[in-house]
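The values are calculated or read from the model by the stated rules, or taken from the named source; none is laboratory data. If you're wondering where the values come from, they're calculated on a predicted model, not measured in any experiment. Backbone-built Cβ (ideal geometry, glycine too); neighbour counts: all protein chains shown. Ligands, DNA and RNA are excluded from the accessible area calculation, which covers all protein heavy atoms including side chains. Shrake-Rupley method; radii C 1.70, N 1.55, O 1.52, S 1.80 Å.
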Amino acid sequence: MTDATLSPAAVPHDGTDAEARPIFREDRKVLGISTEAWPGILAPLGIGILALAAWEFIVWWREIPHFILPGPLLIAKTLVTDWATLSASLWVTLRITAAALIAAVSLGVGLAVLFTQSKWLEKSLFPYAVILQVTPVVSIAPLIIIWVGDINLSLLICAWIVAFFPILSNTILGLNSADHNLRNLFELYGASRWQTLRYLRLPAALPYFLGGLKISGGLALIGAVVAEFVAGSGGSASGLAYRILEAGYQLKIPRMFAALIMISMSGIAIFLTISWISHLLLRRWHESALKREN
Amino acid sequence: MNLAEADRPAAKGAKTLVAVRHVSKQFANGTIAVRDVNLDLARGEFVSLLGPSGCGKSTLLRMIAGLGDPSVGTIDWATMNHDAWGRPARELGFVFQDPTLMPWATALDNVILPLKLSGTNKGEAEARGAEMLALVGLKGFETSYPRELSGGMKMRVSIARALVTHPKILLMDEPFAALDEITRHKLNDDLLRLWEANQFTAVFVTHSVFESVYLSQRIVVMAARPGRVMADLRVEAPYPRDDLFRTSADYAHWCRIASEKLKEAISA
């Protein structure tokens, strides 16, 4: 994974252990991916292709009607023919997901920082964050839709409620896990609250925050889809969940599957993007991103 | 401010930098970590606090650093410069038992942390940091992360960070306890070299008789339960000290004396 090549600087042979400077070897690559990573990609890909082939075969062999179980080829075809409608819906869902995630990150991190600055604030507000988390979004979505009125905003709020908590609780944990001696050190040098936050607590919280973000990325999408199911609204700007409902009513099962696949793919894409960002941010220093050698 | 000087000269002709007066420390759980300690630290002197674990030597060191106040007694500083917040500027460096580096920052960024916190401009801070890294034998490692360094190298970075502000006093809390003997000897030598070159006061907490004799001019022997000072011993051996000293009869002689004092302290 690590493609970092440290240029071995000229080190004087002064008898110190300074000569033990680690030198990262460069990975060999095929198509931009290191040779070691290929089996990890090919194995699940092979399984997937086998499963799809078996699925197609069973549908053809047992002559299962399309409105019960369409084969993967038909779904792929539907994906292409209905692309205009589906991609517009995908865009709607993704926009809500992204907005919810951004809101979850800014409010989650913001509140976490506030909580760690004031124990009383945390004690007074954290229980409500927990309540927000444990209340099923499906059960409060109708209320939110009635109260808020604007459907897009309602969906955004529902998705935000689901995505918010992992970021909040993980960031709080991270902000509080800065090394105690390092905190003492900052105290010794008379660091201000802001400096301690900026140079110690926020960097220490980064891996925890990113862990929360990985969970929240998927949850924001799920929240957006679930809320849309509850809302079941029509109109021109309708997301993928609405397409699934609609296709269900019209017995257009291949389209239903196509929409479902788009949701899954979006979820995977969100997860991979966040993992990649996480890797970039942590690869030089955090245990989780380092390759073990022994 | 030198009230200590009058009644208790710490060393011939040397001015007292820190005066510890009747200091006791009781923790919240009732443990008395330190009881009635009196100690004068002279400017430029190398003092070891030697004692078994639980004798309060680390607690004492941390109180001198200002991490935790004494329950009873005072710790007076000869200089009383005040920082922007009106607190006395202690001008000290502290080396913990662990290197205590920020894993997300490079060696250079770790070293310049104290300068950054005091608002020194980046260019000057980095120049001083690089110079300090070179002094501890880590030239060329500015951009390495702690993860990529060995235990001894991490400790060197930690020492460089403590010295980058040119402190009047360097407090060290068993800094080399976790290192292997070869690395420890090397770091002891380097520490003495830095001390001789920079003229700071050094307070070194250790439980090793050999380390304390090798390094110090003065050994303060402490006993446990409750932590208290049992003996104050001068090691009358000249500097520079090197491997020759480590194998000399003189060294063995002082080690024997310090061991006896420590034994008395433990059985007391």
To the nearest Å², the heavy-atom accessible area per residue of chain A with 1.4 Å probe amounts to 56
Toy charge model, Lys and Arg Cβ at +1, Asp and Glu Cβ at -1: chain B dipole around Cα centroid in debye, rounded to 20, equals 420
Note, B:Ala125: beta-carbon cut-off 15 Å, +1 each Lys/Arg, -1 each Asp/Glu, net -1
Buried accessible surface, B vs A, both sides, probe 1.4 Å, in Å² to 100, equals 3100
Dividing the helical contributions, -39500 (n - 2.57) per DSSP H run of n ≥ 4, by the residues of chain A yields a 222 nm value, nearest 500 deg cm²/dmol, of -24000 deg cm²/dmol
Taking A:84-91, A:127-134 and ranking on average Cβ neighbours within 10 Å, highest first, one gets A:84-91, A:127-134
Any lysines whose Cα falls less than 21 Å from that of B:Lys25, other than same-chain ones fewer than 8 residues away, would be B:Lys57
Comparing each residue of the stretch B:146-161 in the complete protein assembly with the chain by itself (heavy atoms, probe 1.4 Å, ligands and nucleic acids ignored), those losing at least 20 Å² of accessible area are B:Arg147, B:Glu148, B:Met153, B:Arg156, B:Arg161
Treating only Lys and Arg (+1) and Asp and Glu (-1) as charged, each at its beta carbon, one finds that the protein assembly as shown has a dipole about its Cα centre, in Debye to the nearest 20, of 720
Quick calc, the stretch A:71-289, dipole around Cα centre from Cβ unit charges on Lys, Arg (+) and Asp, Glu (-), nearest 20 debye, gives 320
Partner shielding of A:185-195, taken as the mean number of other chain Cβ atoms within 10 Å, equals 6
Phi angles of the stretch A:73-83, converted by Karplus (6.51 cos²θ - 1.76 cosθ + 1.60, θ = phi - 60°) into ³J(HN,Hα) in whole Hz with x for Gly and Pro, give 5, 5, 4, 4, 4, 4, 4, 6, 5, 8, 3
Whole-percent carbon and sulfur contribution to the accessible surface of the protein assembly as shown (1.4 Å, no ligands, DNA or RNA) stands at 62
One finds, for B:Ile182 and B:Glu236 with R0 = 30 angstrom and r their Cβ-Cβ distance, a FRET efficiency to the nearest 0.05 of 0.60
With every protein chain in place, the accessible area of B:Asp36 for a 1.4 Å probe, in Å² rounded to the nearest 10, comes to 80
Mean Cβ-within-10 Å packing, highest first, puts peptides B:204-216, A:61-73 in the order B:204-216, A:61-73
The answer for chain B, accessible area per residue at 1.4 Å probe in Å², is 42
At the level of C-alpha centres, the distance separating the stretch B:99-158 and the stretch A:182-230, in angstrom, is 26
Karplus ³J(HN,Hα) for the stretch B:119-135 (6.51 cos²θ - 1.76 cosθ + 1.60, θ = phi - 60°; Hz, whole; x = Gly/Pro) runs x, 5, 5, 4, x, 5, 4, 5, 5, 5, x, 5, 5, 5, 4, 5, 5
Phi angles of the stretch A:253-263, converted by Karplus (6.51 cos²θ - 1.76 cosθ + 1.60, θ = phi - 60°) into ³J(HN,Hα) in whole Hz with x for Gly and Pro, give 5, x, 5, 4, 4, 4, 5, 4, 4, 5, 5
For B:Lys154, counting only lysines whose alpha-carbon sits under 21 Å away and dropping same-chain residues fewer than eight positions off, the answer is A:Lys291, B:Lys116, B:Lys139, B:Lys186
Per the 1/(1 + (r/R0)^6) rule, R0 = 60 Å and r from the Cβ atoms of B:Ser267 and B:Glu131, FRET efficiency to 0.05 is 0.80
Averaged over the residues of B:130-141, the number of partner chain Cβ atoms within 10 Å of each residue's own Cβ comes to 3
Ranking B:Leu49, A:Leu101 from most to least accessible area with a 1.4 Å probe gives A:Leu101, B:Leu49
Expected sort for A:183-194, A:198-209 on mean C-beta neighbours within 10 Å, highest first, is A:198-209, A:183-194
Percent antiparallel among DSSP beta bridges confined to the protein assembly as shown, nearest 5, equals 55
Of the residues A:Gly267, A:Leu200, A:Val134, the Cα lying farthest along the dipole of the protein assembly as shown towards its positive end, which is defined by charges on the beta carbon of Lys, Arg, Asp and Glu, belongs to A:Val134
Summing -39500 (n - 2.57) over every DSSP H run of at least 4 residues in chain B and dividing by its residue count gives a helix-only mean residue ellipticity at 222 nm, to the nearest 500 deg cm²/dmol, of -11000 deg cm²/dmol
With the full set of protein chains present, the residues of the stretch B:168-190 whose 1.4 Å probe accessible area falls by 20 Å² or more relative to the chain alone are B:Lys186
Out of B:Ser248, A:Phe164, A:Leu280 - ranked by how far each Cα lies towards the positive end of the dipole of the protein assembly as shown, with unit charges on the beta-carbon of charged residues - the top one is A:Phe164
